[in-house]
Amino acid sequence: MDAKTRPTGAIDARPTGANDARPTVTELRLSAFKSHRGATLPLGPLTLFAGASGSGKSSALQAYEALARLGAGDELGAAFPDPAACVPERAAADGQGRKGFRIGCTVDGPAGPVELDLAVQAEPALRVVGERLTSGGRTLLTTALRDPGRSSVQAAWYTAGAAAVTRAPLPDDRLGTALLPLRVAGKTQGQLQVLAAAEQVVVALRSVFACDPQPQRMREPVVAGEGRLWRGCDNLAEVLHRTRSQCAKRHARLAAAARVGCAGEVADLAVEELDDGRVRALLGRGGGRGATPVGRLGEGELRYLGLALVLLTGPGVLAMDQAAEVPSVYQSLTVLADGFDRCLDPWQARELVALGAEMCARGHIRLVGAVADASYARGVDGVTVVDLVP
């Protein structure tokens, strides 16, 4: 099934925030990935992939997350645990029985637009067979599989010195762009351009937190630990315990969000320490009416609270691998939220989009979500809706 895209509701054809101090992914390319063929998806500060079941919303987010993991230095097997499922449907093997897929992205930042494109062989063995890094019409890095019997690709990167390019083997199970900062000397103007482009891509891809709140795992009390929010928001109470004690302003903002998205009167968002050392979250009802444990809330309310917490916190609270060597002022956290509107009433989804748009406008966070229906978000300032059509 080929996927076609039709962007609607975008505020500007070129996403805002490009070419500022924070590298950001402004375009996702799915040349041949699962149900997508030749798809180019624009990404703004807040982007929603909308469409019916089977239109490729989740697979687009999976491709983005895979690129993020490769940018962080993960091996191909970790980024693509089921590579055969990534091969486009009805794709025929070549003469050597090989099948694969192709994805890529554009990263804007101080070095200008930089394009990364990756070709991966899924069968008979998972490996990189080609990678290209380009900027301003110049090819900065290319890799190609020359000898199938070796676990390496032949790489060539721009030098502009005594030799036009430098050639060397790179592993065939990792993203070559992420390895360049360790391989390029940075002595010539060409090498400096390569380093700037590679580092821009790596910083943008590493700054990703994929989340999908799981209500069934958010109901039970949890042990109070370091207070870093997990992908499924299982430890919501633990993180609330941290924000309540360490960041009163952020916690107050979250309590205000709870008043909007949860049924009944909500006076406060409290945390109770139990005798066994665990903590549980409570909605304080005010007026002497006690408190309601969050475990009694509906699935929509729990997902709403989890997503609001993600949007109102930062990399220091989320369980993610930060680029510690890069100052936070040069990083922009990107949240990937599959099923962003799952279990939510339209008004809850609308409030979350409004909160997300507000936080994204500040420039420190970006959001890419998958939704079944984006009617409540069309025309909202700062929101880009990309319709995926099966």
* Order these peptides, 260-266, 305-311, 158-164, 190-196, by their mean beta-carbon neighbour count within 10 angstrom, highest first. => 305-311, 190-196, 260-266, 158-164
* Structure fact -> Ranked by GNM mean-square fluctuation in the chain (Cα springs under 10 Å), the top entry among Gln214, Gln331, Gln96 is Gln96
* Asked: What is the set of long-range amide H partners of Leu367 at a cut-off below 5 Å, with H atoms built 1.01 Å from backbone N?
  -> Leu46, Thr47, Val335
* Asked: Pick from Ser151, Ser31, Ser135: which is most flexible by mean-square fluctuation in a GNM of the chain where alpha carbon atoms under 10 Å apart are linked?
  -> Ser151
* Treating the beta-carbon of each Lys and Arg as +1 and of each Asp and Glu as -1, no other charges, what is the dipole magnitude of the chain about its Cα centre, to the nearest 20 debye? -> 520
* To do: List the GluC sites (Glu not before Pro) within the range 155-263 that fall in a DSSP loop (any state other than H, G, I, E or B) and whose Cβ has at most 15 other Cβ atoms within 10 Å.
  => Glu226
* Structure fact -> Note on the range 156-280: contact order normalised by length, alpha-carbon pairs under 8 Å, 6 or more apart, percent, works out to 17
* What is the distance, in nm, between label points placed 7 Å from the Cα along the Cα-to-Cβ direction at Lys187 and at Ala144? -> 2.7
* Per-residue HN-Hα couplings for the range 101-115 [Karplus 6.51, -1.76, 1.60; θ = phi - 60°; Hz; x = Gly/Pro] -> 8, 9, 9, x, 7, 10, 10, 9, x, x, 7, x, x, 10, 9
* Asked: Any idea what diffusion coefficient the range 293-383 gets from Stokes-Einstein, in µm²/s, Kirkwood Rh on alpha carbon pairs, 25 °C, 0.890 mPa s?
  -> 174
* Structure fact -> At 10 °C in a medium of viscosity 1.306 mPa s, the chain has a Stokes-Einstein diffusion coefficient, with Rh taken as the Kirkwood radius over alpha carbon pairs, in µm² per second, of 72
* **In the range 155-243, trypsin sites (Lys or Arg not before Pro) in a DSSP loop with at most 10 other beta-carbon atoms within 10 Å** => Lys187
* If you roll a 1.4 Å probe over the heavy atoms of the protein chains, what accessible area per residue do you get for the chain, in Å²? -> 42
* Kindly express, to the nearest 10 degrees and within the range 0 to 90, the angle between helix 248-261's C-alpha long axis and the longest C-alpha principal axis of the chain. => 80
* Report relative contact order for the chain in percent, whole number only (criteria: Cα-Cα under 8 Å, sequence separation at least 6). => 23
* Please report, as a whole percent, how much of the solvent-accessible surface of the chain comes from carbon and sulfur atoms (probe radius 1.4 Å). => 49
* Label point distance in nm, Arg90-His364, each placed 7 Å from Cα along Cα→Cβ -> 4.9
* **222 nm mean residue ellipticity, helices alone, for the chain (DSSP H n ≥ 4; -39,500 (n - 2.57); rounded to 500)** => -8000 deg cm²/dmol
* Asked: Hey, got a sec? Which GluC sites (Glu not before Pro) in the range 48-145 land in a DSSP loop and have at most 13 other Cβ atoms within 10 Å?
  -> Glu89
* Lysine pair number, Cα distance threshold 13 Å (strictly under), the chain, separation 8 or more or different chains -> 4
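The values are calculated or read from the model by the stated rules, or taken from the named source; none is laboratory data. Because the structure is predicted, anything quoted here is derived from the model rather than measured. Glycine gets a Cβ as well: all are built from the backbone with ideal geometry, and neighbour counts include every protein chain shown. The protein model used for the area step is the full one, side chains on, heavy atoms only, and it has no ligands, DNA or RNA in it. Shrake-Rupley method; radii C 1.70, N 1.55, O 1.52, S 1.80 Å.
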